[in-house]
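Scroll down for the structure; my scribbles are underneath it.
Readers should treat all values here as calculations from the given coordinates under stated rules, not as data from a laboratory. Source: prediction; values computed, not measured. No Cβ is skipped: glycine too gets one built from the backbone with ideal geometry, and neighbour counts run over all protein chains shown.
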C-alpha cells in the first residue's frame, strides 16, 4: 500500500532522514502517508534518534501541510541549481556499428550545445569536477559556511555526518564506474562528461526533535 525510506545521516546516528514517502496511487488520500510517517518516526525513536529530518518540494503543499500537522517545523529552504551530465549511461541494443556511431555523434553534439552556457560562466581558473568520497572534510567545511546560523541552531552539522565509512570507501571504484558514459554495442565509449541541462528545484528543510 505504500513505502517509506528511513536512514541515519551518515555515521551520525542521532540524526535520521525520512525519504520517499510513497503511498500506492490506488490508496492515496486514505491516510496512508500519515501512517507511513508515524511508523518512520517511531522507527527513529526506538533506535535512539534525536532528530528526524526531511526535505519537501516547495510546490508539494499537501505533503508540507501533513508534516506540519505531525509537528515538523521548517528551519531552512534550499534552491538547487544542478548541472546535469550528458548522459551518464546510454544503452543501445541490437544496433549495427554505423548506427552506434550515429548515436554517439548525436549525444556528443547535444552535450556540446547544452554545455556552452555552463562553460561560459567559468573563467579559465576554474573547472567543474566530481568530489571524491575521501574529500569529506571539504564538504564539512563548506556546509558550515553555507548553512545559515538559524539553520545551524536547529540542525548543527557534525563531522560524523560527512565521514565516509570503510565499506563506502571499498565501493568507491564501483560508483566511479557507474558515473562514466558508455554505449553498449559499439567498440568505443564516451567517457568525457559534458554539463548542460540546468535543473532548478526549491525544497523546504523540515525537522522534528524527538528528545
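Observations
- Multiplying the residue separation of residue 65 and residue 163 by 0.36 nm and subtracting their alpha-carbon distance yields 31.9 nm.
- Neighbour-count ranking [beta-carbon atoms within 10 angstrom, fewest first] of 206, 131: 131, 206
- Length gained when the stretch residue 133-residue 43 is fully extended (0.36 nm per residue, less Cα-Cα span): 29.5 nm
- Label separation (residue 140 vs residue 73): 2.7 nm, computed from points 7 Å beyond Cα along the C-beta direction.
- Chain lengthening between residue 200 and residue 57 when straightened (0.36 nm per residue, less Cα-Cα): 50.4 nm
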